[in-house]
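See below for the structure under consideration.
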Amino acid sequence: MLRIESISTDPAYADACIDAADWLVAQLNDIGFIASRHDTSGHPMVVAHSGGEGRHMLFYGHYDVQPVDPLDLWDRPPSDPAIEDTPIGKIIRARGASDYKGQLMTFVEACRAWKSVTGELPGNISILFEGEEESASPSLVPFLTEHAEELKADFALVCDTGYGMPTPPRSPLCYVDWQPKVSPSMRRIWTCTQGCTVDQRSTRFVC
């Protein structure tokens, strides 16, 4: 999954986003979900259902990633994952390993492991993976509106939240469209669409 360059903000990688969606569909069907790709005006959605009993849980994730530039800051190709030893232990180094493919595949592999032990998937689960989270999810609301009955759930699990930093409570998947005018930065600031604080010189943004 990390080797698929599913960069949603660059039209040159549109086919890679389709490849990522198809790869996930194949993995989910292999586990035992009923999974399919849904094309949109942007990048595809992946929807899967376990068909189990009990309360209905919806798991949301995204398979798209941020651009990899500037390349000279990488020690190896961004889409060539490697396990590295660090002061905090072993990590997987690649674009998307921590946002968000790592979290996404943790859930998928947990379902696979559960089935390998018990023989069935864990309960009544639906999965929604999108390919535009890094570009403000323009297709998400129309898709949710169209498929509201299918995706209606008792509760939802969204793991795309903080990264070990104290953050205030917030509603996920909420975006603000704004056009600030700022002085050029002397260093790159990571783009953020999920609620963060950016401090630089005398300017402080809270979004």
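Quick note: the coordinates plus some simple rules give every number you see, no bench work behind them. Computed from a prediction, not measured in an experiment: that's the story for all the values here. Cβ sites come from the backbone with ideal geometry, for glycine too, and all protein chains shown count toward neighbours.
Counting Lys and Arg as +1 and Asp and Glu as -1, what is the net charge of the other residues whose Cβ lies under 14 Å from the Cβ of Ser126?
-3
Rank by packing, highest mean first: peptides 137-149, 8-20, with packing defined as the count of other Cβ atoms within 10 Å averaged across residues.
By packing density, highest mean first, the sequence is 8-20, 137-149.
So how compact is the range 1-106: Cα radius of gyration and Dmax in angstrom?
Over the range 1-106's Cα set, Rg and Dmax evaluate to 15.5, 50 Å.
Going highest first, how would you order 43-52, 104-113 by mean Cβ packing within 10 Å?
Put in order of decreasing packing, that is 43-52, 104-113.
Which whole-angstrom value gives the distance between the alpha carbon centres of the range 1-43 and the range 94-147?
If we compute the Cα centre of each part, the gap is 11 Å.
Pull up the cross-link candidates among the aspartates and glutamates for Lys115, meaning alpha carbon to alpha carbon under 17 Å and not fewer than 8 places away within one chain.
Asp30, Glu53
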